[in-house]
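Asker: First the structure, which I've put down as structure tokens, then a few questions once you've had a look.
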Amino acid sequence: MFKVIIAIGVVLLVIILLTLFRIGTLVNVVKGTNKEKVGSSNKINAGLLLLFMFVAFGLFFWYSIVYFDDYTLPQASEHASSVDFAFWLTMGLTGVVFVVTNVLLFIFSFKYQHKEGGRGKFYPDNTKLEILWTVVPAITLAGLVLTGLSAWNNITSKASDDAEVVEVMGYQFAWGVRYPGNKDAELGAYDYRLIDASNQFGIDLTDENSYDDFMPLELHLPKGKEVLMKIRARDVIHSVFMPHFRVKMDAVPGMPTHFKFTPNKTTQEMRDELGDPEFDYFITCTEICGRGHFSMKLKVVIEEPEAYEAWKAEQPTWLKLNEDYLEKVPAEKRELAKIKAGIEDNTETEASL
Amino acid sequence: MATADIHITEGEHDHDHDHHGNFWTTYVFSTDHKMIAKQYLITGIFWALIGGTLSVIFRLQLGFPDADISWLKPLLGKWITEQGKLDPEFYLALVTMHGTIMVFFVLTAGLSGTFSNFLIPLQIGARDMASGFMNMLSYWAFALSSVVMFVSLFIETGPASGGWVIYPPLSALPQAVSGSGLGMTLWLVAMALFIVSQLLGGVNYIATVINMRTHGMSFSKLPLTIWAFFLTAVIGLLSFPVLLSAALLLIFDRSFGTSFYLSDIYIGGEALPNQGGSPILFQHLFWFLGHPEVYIVLLPALGITSEVVATNSRKPIFGYKAMIGSMLFIAILSFVVWAHHMFVSGMNPFLGSVFMLLTLIIAVPSAVKVFNYLTTLWRGNIRFTPAMLFAIGLVSFFISGGLTGIFLGNSAIDIQLHDTYFVVAHFHLVMGSASFFGMLCGVYHWFPKMFGRMMDNRLGYIHFWLTFVGVYMVFFPMHYIGIAGYPRRYYSFTNFDTLNSFSDLNMFVSIAAIFTFTAQLVFLFNFFHSIWRGRKATANPWESNTLEWTTPVVPGHGNWPGEIPKVYRWPYDYSKPGSKEDFIPQHIPFSMTPESNLPHENEMIKLEKEEDVNVVVVDDKKGH
Ligand code: HEM
Ligand SMILES: [Cu+2]
Ligand SMILES: [Cu+2]
């Protein structure tokens, strides 16, 4: 269908243009070409520039205002407001400059269009003016740098020791998440050479910390608690992007990265706010990574801390789901592994741990 | 006055050379800078069409995700799936080739290659480039590079598809994406040749500007175009070798088992032996070129605009010294801001702070340039030639796109905006469209000098208006899409329920893109039609001051039939109070313009007399 529309459009355009061109040439011939320095076209173009300005600004303001809620994302983390503040402050300042300079550009063009017998003003420089408009932007920008810096330093500062730790790993073409487990709060060691079809994370089973690690299919996080997200990649570079949380960090093979943030709205709260019962938070990938780049989506659930803890307690450990890997556990640690992994539900031994 | 320049301008040379060339030496293996410039221009136009077509194809996918595009099968073959959809890997290949072609082949080679070659000798008063032979080699290295890149579009595994920034490991591992096989190899070979071409050209531009200026053409009298080309060449010379080294290490990683960029990788069911490399290293090396590259693309456009705006406002460019100063400052700073592309790459956040500071500093000279353009228009007597309209369009894009750079340079804001459509909007306005307009502006303005004929003005106006409106329609909406969080290089957004609210806007953008692309056919028609059928040009159709307009309408080999004119004044004596005409070309001595001289200029008359008695003025305005 739209093939046809395009084809018709193109044909029409070509016809119109050729006609105009032909008329133009004929008119030129009749008038005798180019006697005057500028023709009537000068006025037309000047007028069009002015018209363009009004229409374009009209559309700009209309869309920006009417669709505001569509293109702005709600905030779901504590630092989101500082990012958004820097954004809107910059928007305010540059917005004014955007309008003023563009208006001047078009107004000057219109107002100082060629007049027969007129002359430009010989005005090669004005040092005071130039200093002024070097210094004013410099000061304004310094202000922006400062707001940006304070937000940035705050966001990238070290996570507190009791932050909730979770690992996110990007691979072609999905995300894996790993929790340190319910028995210890430490992520187990890993080595990429240990990766295989079941051991997607390359978990090193000689490390005791790995026995209780679990890998659910969704990322759950508690509301109001600081989260330290450890990020890595297995094959190529990916990038963790959680737009509602203003979180983005590349996942780089061979170089673990991290991002710290505090979610402050549960999924349910966000659903209510948006009036969309289907809404879910997500992680998506923002570094080109191959064929499935656009489809690397992982559901994120933010819950009240109690619900979160309950969910966590229910999660089976990886080792429990893959009992044959017990073989890889060194013989002397196997008992411990079974207990930590919840394979042997021995409360007595557990208590003695 | 600077008299230290030594000139190689024996007037006897050349007269009899220009008639002896055969077809091959005149049009193909020419060493004449004007012919080489045209070769660059035509090749650039060819690439622009290819690059534009690629973007239209991927815009079809984005704007009409549900459409059946099997009708493209004759063109794309197996890259259209059974269901009549674009193959996702081919989508990435299209994006990659589009970016590479536009940035390097159109706006670097097509812009600098055309105008540096054409204008440097003509505007500084030289018979040709310092080395015509090197110049020829430069073009042919580019042509060879073009052939390799073009061939890569048609190979079985598809062209490179890791984005124009070709970050490893994606670009290093054929297992990761099929474009990283032979396609990537060809990409690297083509870029290596391309860099060779740039270096040959750059050395030549620099040598020519430094050594071959005509008598009196001191650096403080150079047109801003030449300043821009000169600084661009310097930037290129310093940064392209770094890209070459980055590419070389990548070649080693790909083919010789080294691990510069590779570490801890498990892919395609096996763990690779590489350890200890760093993908971030590549990013540093790449952006050390990559950021200066945006100025390599932009500065020539700004130089061209300065010249065109002054000429058509009939006013001196406001703040000539400040314009040079800001270009110098931008050129220097462009080397210390590269890591603003890497705020969220995992780099140390402290570095992020430093690069944020440096990046926002670079906004100041850019702002100064805008204010100077505006003041140049103020109280002018403006003639809207097509070139002038494109110059005004450039200034508008430069403002609109430049301002969004202030967002992206702020590391805190960049957390959210990095790699979203906001970035696509930003760089298309400030670098893509602005430079593209600079290029068109230059073509319209210097067409008479290139081909001895005029382009049709009316078609020029139509072309301008369709393109100007079209570009804003294509790229402005992308800001909203970006603020809403849409990542770039996405084959489709249909997976994202919450991100799926912009299908209308995406469709609008796609239609606008097709519209804008089609509008370029007006230009093509005008351009080629005018080469043969255009109205005959006069010697100085825009009443401009620079030296190129003192040559014959179609300058031959050696540019000036007689002696090269000497230069007495800066290039911006427009509407000088007292003078009869509203322009006084650079080669008119002050002794001939007593009515308009400023006090300190009257002093110069004495010097003029001492220096040389037999000034030959080759100009029809001798009467003033
Ligand atoms: C017909 C006009 C053009 C259209 C419709 C267009 C459209 C686009 C779009 C939509 C993308 C992003 C695709 C994605 O991220 O999925 C893109 C990427 C890009 N475009 Fe354009 N563009 C045009 C002209 C230009 C020009 C003149 C330049 C010159 C600088 C340019 C340079 C780039 C670059 C460098 C990229 C990034 C490629 C990458 O992500 O690797 N484009 N273009
Ligand atoms: Cu990815
Ligand atoms: Cu940059």
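Asker: Using 7 Å Cα-to-Cβ label points, what is the A:LEU132/A:ILE15 separation (nm, one decimal)?
Answerer: Between A:LEU132 and A:ILE15, the simple spin-label model gives 5.6 nm.
Asker: Where the only charges are on Cβ atoms (+1 Lys, Arg; -1 Asp, Glu), what is the dipole of the protein assembly as shown about its Cα centre, to the nearest 20 debye?
Answerer: Numbers: 67 positive and 85 negative charges, 1017 e Å.
The dipole of the protein assembly as shown has a size of about 4880 debye.
Asker: Roll a 1.4 Å probe over the protein chains and send me the accessible area per residue for segment B:403-544 in Å².
Answerer: Details: 3810 Å² over 142 residues.
Heavy-atom accessible area per residue stands at 27 Å².
Asker: Please give the average number of partner chain Cβ atoms lying within 10 Å of the Cβ of each residue in B:224-231, rounded to a whole number. Don't skip to the answer; put the middle values down first.
Answerer: Working: counts 0, 0, 0, 0, 0, 0, 0, 0.
Shielding by partners across B:224-231 averages 0.
Asker: Counting DSSP beta bridges in the protein assembly as shown, what percent are antiparallel, to the nearest 5? Write out the running numbers ahead of the final one.
Answerer: Working: 30 of 43 bridges.
So the antiparallel bridges in the protein assembly as shown amount to around 70 percent.
Asker: For chain B, what is the mean residue ellipticity at 222 nm derived from helices alone (per DSSP H run of n ≥ 4: -39500 (n - 2.57); sum divided by total residues; nearest 500 deg cm²/dmol)?
Answerer: Numbers: 17 runs with 346 residues, N = 624.
It lands at -19000 deg cm²/dmol.
Asker: Enter the mean number of other protein chain beta carbons within 10 Å of the beta carbon of each residue in A:187-197, as an integer.
Answerer: On the way: counts 0, 0, 0, 1, 2, 8, 7, 2, 7, 4, 1.
Taking the mean over all residues of the peptide, I get 3.
Asker: Now for a separate question. Roughly how much of A:ARG291 is accessible, in Å² to the nearest 10, using a 1.4 Å probe?
Answerer: Here the residue's solvent-accessible area equals roughly 100 Å².
Asker: As a test of the definition: with a 1.4 Å probe, what buried accessible area, both sides summed, do you compute for B against A, in Å² to the nearest 100? Spell out each step's value before the answer.
Answerer: Working: alone 24510 and 22500 Å², together 36280 Å².
Summed over both sides, the interface buries about 10700 Å².
Asker: Counting only other chains, and only Cβ atoms inside 10 Å, what mean value do you get across the residues of B:541-552?
Answerer: Working: counts 1, 1, 1, 0, 0, 0, 0, 0, 0, 0, 0, 0.
Across the residues of B:541-552, the mean count of other-chain Cβ atoms within 10 Å is 0.
Asker: For the pairs A:LYS312/A:LYS340; A:LYS183/A:LYS299; A:LYS225/A:LYS248; B:LYS34/B:LYS315; B:LYS221/B:LYS576; B:LYS321/B:LYS449, note any where the Cα-Cα span goes beyond 22 Å.
Answerer: Working: A:LYS312/A:LYS340 15 Å; A:LYS183/A:LYS299 25 Å; A:LYS225/A:LYS248 19 Å; B:LYS34/B:LYS315 28 Å; B:LYS221/B:LYS576 17 Å; B:LYS321/B:LYS449 27 Å.
Pairs exceeding the cut-off: A:LYS183/A:LYS299; B:LYS34/B:LYS315; B:LYS321/B:LYS449.
Asker: How would you rank B:293-300, B:534-541, highest first, on the average number of other Cβ atoms within 10 Å across their residues? Before the final figure, lay out the partial values.
Answerer: Working: B:293-300: 25.9, B:534-541: 16.8.
Ranking, from highest mean packing down: B:293-300, B:534-541.
Asker: Going by average Cβ density within 10 Å per residue, which order do the peptides A:39-48, A:122-131, B:419-428, B:510-519 take, highest to lowest?
Answerer: B:419-428, B:510-519, A:39-48, A:122-131
Asker: Quick check: pseudo-label points 7 Å beyond the Cα along Cα→Cβ at B:PHE252 and B:ALA207, how many nm apart are they?
Answerer: Distance between the two pseudo-spin positions: 3.1 nm.
Asker: Are there residues in segment B:305-320 whose accessible area shrinks by at least 20 Å² when all protein chains are included rather than the chain by itself, and which are they (probe 1.4 Å, ligands and nucleic acids not counted)?
Answerer: For segment B:305-320, once contacts with the other chains are taken into account, B:LYS315, B:PRO316, B:PHE318, B:GLY319 lose 20 Å² or more.
Asker: Of A:VAL66, A:PHE87, A:MET242, which is farthest towards the positive pole of chain A's charge dipole, taken about the Cα centre with +1 and -1 on the beta-carbons of Lys, Arg and Asp, Glu respectively?
Answerer: A:VAL66
Asker: Rounded to the nearest whole Å², what accessible area per residue is found for chain A with the 1.4 Å probe?
Answerer: Details: 17030 Å² over 353 residues.
Normalised by residue count, the accessible surface of chain A is 48 Å².
Asker: Counting only protein heavy atoms, what percent of the accessible surface of segment A:213-254 is carbon or sulfur at a 1.4 Å probe? It would help to have the intermediate numbers written out before the result.
Answerer: On the way: 420 of 800 Å².
Roughly 53 percent of what the probe reaches on segment A:213-254 is carbon or sulfur.
Asker: I would also like to ask the following. Round to the nearest 10 and give me the degree value, 0 to 90, for the angle of helix B:457-483's Cα axis relative to the longest principal axis of chain B.
Answerer: 40 degrees
Asker: Collect residues whose amide H, placed 1.01 Å from N in the peptide plane, falls under 5 Å from the amide H of A:ALA251; neighbours closer than 5 in sequence don't count.
Answerer: Correct list: A:HIS238, A:SER239, A:VAL240.
Asker: Any idea what angle helix A:41-66 forms with the longest principal axis of chain A, computed on alpha-carbon atoms, 0 to 90 degrees, nearest 10?
Answerer: The angle comes out at about 30 degrees.
Asker: Right, next: Could I have the simple spin-label model distance between B:GLU610 and B:PHE29, label points 7 Å from Cα toward Cβ, reported in nm to one decimal?
Answerer: Each label point lies 7 Å from its Cα, and together they span 5.0 nm.
Asker: Okay, next question. Name the residue farthest towards the positive end of the dipole of the protein assembly as shown from the options B:GLY181, A:VAL135, A:PHE110, assuming +1 on Cβ of Lys and Arg, -1 on Cβ of Asp and Glu, about the Cα centre.
Answerer: A:PHE110
Asker: Cα axis of helix B:349-377 to longest principal axis of chain B: angle in degrees, 0 to 90, nearest 10?
Answerer: It works out to around 40 degrees.
Asker: Same structure again: Identify the residues of segment B:447-486 with backbone N under 15 Å of a label point that sits 7 angstrom from the Cα of B:HIS529 along the Cα-to-Cβ direction, or state none.
Answerer: In segment B:447-486, the label zone of B:HIS529 (backbone N under 15 Å from the point 7 Å along Cα→Cβ) covers B:454-464.
Asker: With the full set of protein chains in place, find how many percent of the accessible area of segment A:285-326 is carbon and sulfur; take the probe as 1.4 Å. Write down the numbers at each step before the final one.
Answerer: Values: 890 of 1750 Å².
Carbon plus sulfur share of accessible area: 51 percent.
Asker: Continuing with the same structure: Sorted by packing (mean other beta-carbon atoms within 10 Å per residue), highest first, where do B:557-567, B:453-463 land? Don't jump to the answer; show the numbers that get you there.
Answerer: Working: B:557-567: 20.4, B:453-463: 22.4.
The peptides rank, most packed first, as B:453-463, B:557-567.
Asker: Given a cut-off of under 8 Å on Cα pairs at least six residues apart, what relative contact order in percent is computed for chain B? Numbers along the way, then the final one.
Answerer: Numbers: 1023 pairs, mean separation 96.6, N = 624.
Averaging sequence separation for qualifying contacts and normalising by length gives 15 percent for chain B.
Asker: Please report the spacing between the Cα centers of segment B:137-173 and segment B:38-84 in Å, no decimals.
Answerer: Going from one Cα centre to the other spans 17 Å.
Asker: Using a 1.4 Å probe on the protein chains only, how many percent of the accessible area of segment A:107-190 belongs to carbon and sulfur?
Answerer: Numbers: 2570 of 4190 Å².
Here carbon and sulfur together make up 61 percent of the probe-accessible area.
Asker: Show me, bin by bin at 10 Å from 0, the whole-percent P(r) of the protein assembly as shown based on Cα pairs.
Answerer: Per 10 Å bin, starting at 0, the Cα pair percentages come out as 2, 11, 19, 23, 19, 12, 7, 4, 2, 1, 0, 0.
The values are calculated or read from the model by the stated rules, or taken from the named source; none is laboratory data. In this text, all values refer to a predicted model and were calculated from it rather than measured experimentally. Using ideal geometry, Cβ is built from the backbone for each residue, glycine included, and neighbour counts are taken over all protein chains shown. Protein only, heavy atoms only, side chains kept; ligands, DNA and RNA dropped before computing areas. Shrake-Rupley method; radii C 1.70, N 1.55, O 1.52, S 1.80 Å.
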